[in-house]
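A short write-up of the structure that comes next.
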Amino acid sequence: MSDWLQSRIAVIGLGKSGRAAFDALVELGASPVGFDRAEPADFEPFGANPAQFVIGTDEAQAEAIRAGGFDLVVVSPGVPPHSPAFAAASALEIEIWGEVELAWQIQQHLGKQISWLTVTGTNGKTTTVGILGSILEAAGIPSAVVGNVGNPIVSTIMHEDVAALAVELSSFQLFTTGSVQPVASVCLNVDADHLEWHGSVDEYVRAKARVYENTSTACVYDANDLTVENMVAQADVIEGARAIGYTMDVPAVSQVGIVEDYFVDRAFVANRHTEALAVAEVSDLSHFAGAHPSTAILKDTLAAITLARALHASDPRFEINEDAVAAGLQNFRPAGHRREVVAENVADMTWIDDSKATNAHAAQASLVGFPPRSVIWIAGGDAKGQDFHDLVRKIKPVLRGVVVIGADPSTVLNALKDEARDVPHVVVDGHEDWMYSVVNEAVALSRPGDTVVLAPASASWDQFKNYAQRGDAFRAAIKKLDEAWQAK
């Protein structure tokens, strides 16, 4: 047994990932102590001994950490560094791991050879790991999509026979990693977010940059993003790792890019100075991205292709050729409410549900790249203190009209007044069946061939339980609209 498994271990936070960590430790023969504010569900199967739990207030948990003689603390992603128990462990200089670090340590303990492909970013993570997972599946590689989406990594490591993992990592998860060695890694983008957890923009960026640490084959980055490129330049990687950029343009040497209507690899080919390989067509995305994929979807796809091709280059066991890449793109189905084309040719328009776009950066990613004056934007909700002037300034060229929703539409309206006065807009209040009014107002603002994008740039809590319910209401209204048009 590894030495650390014989130490006194605390697991703070018994949600999905914390519970998976606790169960894995018990299964491996350790005797962890679980900490939480409330007794976990299914208490009896969860742990054989009630003494293995400290259930109480934050201060009670902190006192138990100080008095418990722990050698290792495993924290769940939702437990911030400033929380009393985390802070108590830090003050005592106890080693602190997250579930991600624990999973890597368990993998080493079990002697499993599993290649990690890690993905972080403020926006686009779930789409990127989804496309990556689809490519791996098309290549016939036993794999799983895990981390911030899907199953906890530790559960997959313990119980599944996989050769590769597409790992989505939040800044919370990265904060407590140390020894993870991904084959290839990417930070898609970075914008101020989760400052209440990290304390500052610098700390948030620093956490995101950890995705590149210890990378063995390829540090992947957007070639037009200097902030992320700087992360790569400063990363402490394994000797031999290469910096591989992706671009919306013709790729330079050691890049993956787009030539006419093809995704092209000029990074992982035999003679990248004189040769390139077309690995898929942009049209392979059309079933979920429509005829004109957004810039965000194209960039997420480029990142996924680059990671997959890096795995191909890292180990002769993995054959990820152009057929696998193309099939992976064709087979991919996005997670719900994330840049998903939910209807085409309804009222002569394309309809995209990106209810998951709950901040300005995500909304911008959904909207840039469309043809000029071709988008009806549905925006608004709980703005969470954001200012939308910069967002509206950047997306104004693609806007034909805006439908403003939300209990308080003033944040969006003020930005439109100051930055896009000539773009028509309408406000829809929360009357009965108001989402049906929203889609009808979108039709009134449109011309045939336009695209309606629900990318609210705001949380949904002012009018819905969550972003999924908001997206579902949008879809239901589109269906009702289609039925009305069909009846004409």
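Among the residues of segment 226-236, those identified as open to solvent by 30 Å² or more (accessible area, probe 1.4 Å) and out of contact with any Asp or Glu (no Cβ under 7 Å at 6 or more places or on another chain) are Leu226, Thr227, Glu229, Asn230, Ala233, Gln234.
Restricting attention to segment 237-272, the residues that are buried (at least 21 other Cβ atoms within 10 Å of the Cβ) and of a type in the set (D, E, K, R) total 2. Looking across segment 273-304 at every residue that is charged (D, E, K, R) and either open to solvent by 50 Å² or more (accessible area, probe 1.4 Å) or part of a loop (DSSP other than H, G, I, E, B) (or both), the one that is nearest to Asp353 (Cα to Cα) is identified as Lys299. Looking at segment 144-161, which of the residues that are open to solvent by 20 Å² or more (accessible area, probe 1.4 Å), in contact (Cβ under 8 Å) with a residue 24 or more places away in the chain and hydrophobic (A, V, I, L, M, F, W, C) is farthest from Ala304 (Cα to Cα)? Among them, the one singled out is Met158. Only one entry in Ala407, Ala442 is assigned to a helix (DSSP H, G or I), out of contact with any helix residue (DSSP H, G or I) (no Cβ under 6 Å at 6 or more places or on another chain) and either over 18 Å from Thr358 (Cα atoms) or touching a residue at least 24 places away in the same chain (Cβ under 8 Å) (or both), namely Ala442. Name the single residue that is surrounded by the fewest Cβ atoms within 10 Å (Cβ to Cβ) among those in segment 305-351 being more than 19 Å from Tyr262 (Cα to Cα) and basic (Lys, Arg). Among those that are more than 19 Å from Tyr262 (Cα to Cα) and basic (Lys, Arg), it is Arg333.
Restricting attention to segment 76-109, the residues that are open to solvent by 10 Å² or more (accessible area, probe 1.4 Å) and of a type in the set (A, V, I, L, M) total 6. For segment 451-481, residues that are surrounded by fewer than 22 Cβ atoms within 10 Å (Cβ to Cβ) and within 24 Å of Ser294 (Cα to Cα) total 9.
Selection within segment 151-171: residues that are out of contact with any helix residue (DSSP H, G or I) (no Cβ under 7 Å at 6 or more places or on another chain) and hydroxyl-bearing (Ser, Thr, Tyr). The member of this set that is farthest from Pro77 (Cα to Cα) is Thr156. For segment 204-255, filtered to residues that are assigned to a loop (DSSP other than H, G, I, E, B) and in contact with a Phe, Trp or Tyr (Cβ under 8 Å, 6 or more places away or on another chain), the residue that is nearest to Ala296 (Cα to Cα) is Ala223.
A quick yes/no check of all residues on (1) assigned to a loop (DSSP other than H, G, I, E, B); (2) touching a helix residue (DSSP H, G or I) at 6+ places or on another chain (Cβ under 7 Å); (3) closer than 20 Å to Leu165 by Cα:
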position: Arg309; (1), (2), (3): no, no, yes
position: His312; (1), (2), (3): no, no, yes
position: Ile320; (1), (2), (3): yes, yes, yes
position: Val325; (1), (2), (3): no, yes, yes
position: Arg333; (1), (2), (3): yes, yes, yes
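Against the conditions (1) open to solvent by 20 Å² or more (accessible area, probe 1.4 Å); (2) over 30 Å from Trp485 (Cα atoms), Ala362 satisfies every one except (1). The single condition from (1) open to solvent by 20 Å² or more (accessible area, probe 1.4 Å); (2) touching a residue at least 60 places away in the same chain (Cβ under 8 Å) that Arg66 fails is (2).
Scanning segment 349-378 for residues that are assigned to a strand (DSSP E or B), more than 18 Å from the chain's Cα centre (by Cα) and not hydrophobic (A, V, I, L, M, F, W, C) returns a single hit, Thr350. Determine whether Ala444 is under 30 Å from the mean Cα position of the chain (by Cα), small (Gly, Ala, Ser) and either surrounded by fewer than 17 Cβ atoms within 10 Å (Cβ to Cβ) or at pLDDT 95 or above (or both). So Ala444 does not fit the description; no.
The values are calculated or read from the model by the stated rules, or taken from the named source; none is laboratory data. Computed from a prediction, not measured in an experiment: that's the story for all the values here. FYI the Cβ positions are ideal-geometry reconstructions off the backbone, even for glycines, and counts take in every protein chain you see. What goes into the accessible areas is simple: the full protein's heavy atoms, side chains included, and nothing from ligands, DNA or RNA. Shrake-Rupley method; radii C 1.70, N 1.55, O 1.52, S 1.80 Å.
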